[in-house]
Amino acid sequence: MTGIFPGANPPIEWSEKGKNIKWKTGIPGKGHASPVIWQDKVFLVSATKIGQKVKSAELKATEKELPAWRRLMGKKVTHTLRFMVFAIDRKTGDVLWQRTAVETVPHEGIFKDGSWASASPVTDGEYLLAYFGSSGLYCYDLQGNLQWEKDFGQMDIMFDFGEGSSPVLYDDIVIVNWDHEGQSFIVALDKRTGTEKWRTGKDETTTWSTPIVASVDGTLQVITSGNKRTRGYDLQTGKQIWEAGGLYLNTIPTPIFDNGTVFVASGYQKQVIQAIRVIGARGDITGTDAIRWHQQEDAPYTPSLLLYGDTLYGLKVNKGILSCYDPMTGERYYGPQRLPGIKGVFASPVGAGGRVYLIGRNGTSLVIKRGKTFEVLTQNSLDDNFDASPAIAESELYLRGHKYLYCIRRIDRP
């Protein structure tokens, strides 16, 4: 829940020329979803175009019906898409199996920098959940056998910017957050059958934020951030426990929870970072002393915050500009600090081995030392573009690019 990988120690140097590249595997189609790792397998999802170009009559709106600014910012639907799930061998990078979840014509377009497969899969070692929003939720075993599927209907996403909230799996419960321009809700499903346990309606507009599960006051809560409210729900019943306003439009970053405090952010038209003390919280806590601190600058738009010990890291919008804070007070230790070589960032920063990994869209990445001063340890480059957040397991770093999945591991050469 904090973006760190305890006990892991991945390399700090890599290059396309083979330095510490254990393997790289070409992945068909496109997807900004992060890879997920379980034992000897890596799972990821993608969407590929198939067949002939579809007729505009099949779509929600033709291109000429859209305002000019939306034609510039978005991608319209042009083809039937094949939504795919992959299992990759961690040792070799070979594809162990691939499955087609569904083939369908999406009902809406996506943001020009987005993808139709942006929700990350999740597994507990027994089940694998692959989620494609309006195109369905699919549950597999780890051998690729479909167990069940669930259709929630069609989202009405603001500006046709696409979908991206990932599911959460906790014990035997799957949580899906469904925020859009219609009736928003949060729903809990039985992981074995897909049967709904509860569904709670929300007064919320389009968000892309993934929920988290946290223990608060001895109760497991599902915590969501949103444009109108950050909210806490009882995991077992779906009953809302508390809420707090303060964020703004297009909330994307996943909440971070630690020591009774939730850290949330939104960075579209107004940049906001909040630290909310939720111990004992009941009802509407907006404007109370439960808001430990609140700032309106240098907040991330797409990447999530990173909480690493006594340091909280946040990128500015989607730019390669980083700030570091005291998580308890909001005091800024350094920043806004421009990151050398990085032109933009959609991937969330991650931490391991006392280091912070920052993956740029242009293939340039930085590894910095965790701490209250800015210190670059290495700058690395790969011949790919990156929007997915990294995954780390033990001594390996996994980077999902537009073309390849990379496994980065220290390789000692003579």
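The values are calculated or read from the model by the stated rules, or taken from the named source; none is laboratory data. These figures come from a predicted structure and were not determined experimentally. Ideal geometry is used to build each Cβ from the backbone, glycine not excepted, and the neighbour counts take in all protein chains shown.
Which pairs have Cβ atoms under 7 Å, sit 6 or more apart or on different chains, and link a residue in the stretch 135-150 that is of a type in the set (Lys, Arg) to one that is assigned to a strand (DSSP E or B)?
150/137; 150/189
Against the definition (β-branched (Val, Ile, Thr), surrounded by 15 or more Cβ atoms within 10 Å (Cβ to Cβ) and either in contact with a His (Cβ under 8 Å, 6 or more places away or on another chain) or within 21 Å of residue 257 (Cβ to Cβ) (or both)), how does residue 350 come out, yes or no?
So residue 350 passes the test.
Just checking, how many residues over the stretch 4-33 are over 22 Å from the mean Cα position of the chain (by Cα) and aliphatic (A, V, I, L, M)?
Number of matching residues: 2.
Restricting attention to the stretch 223-243, report how many residues are over 18 Å from residue 277 (Cβ atoms) and either at pLDDT below 95 or in contact with a strand residue (DSSP E or B) (Cβ under 8 Å, 6 or more places away or on another chain) (or both). Spell out the reasoning first.
Just the residues of the stretch 223-243 that are over 18 Å from residue 277 (Cβ atoms), to begin with: 226-228, 234-239.
Next, from what is left, pick out any that are either at pLDDT below 95 or in contact with a strand residue (DSSP E or B) (Cβ under 8 Å, 6 or more places away or on another chain) (or both): 226-227, 234-239.
Result for the stretch 223-243: 8.
Condition check: under 21 Å from residue 9 (Cβ atoms) and at pLDDT 95 or above. Does residue 393 satisfy that? Give the derivation first.
Values: under 21 Å from residue 9 (Cβ atoms): yes; at pLDDT 95 or above: yes.
So residue 393 fits the description; yes.
In the stretch 360-375, how many are part of a strand (DSSP E or B) and surrounded by fewer than 19 Cβ atoms within 10 Å (Cβ to Cβ)?
Going through the stretch 360-375 one residue at a time, the tally reaches 1.
Would it be correct to say that residue 334 is part of a strand (DSSP E or B), among the aromatic types (Phe, Trp, Tyr), out of contact with any Gly (no Cβ under 8 Å at 6 or more places or on another chain) and farther than 23 Å from residue 214 by Cα?
When the stated conditions are applied, residue 334 passes them.
What residue, of 357, 313, is buried (at least 24 other Cβ atoms within 10 Å of the Cβ) and farther than 18 Å from residue 255 by Cα? Let's see the steps before the verdict.
Working: 313 fails: farther than 18 Å from residue 255 by Cα.
After applying the criteria, what remains is 357.
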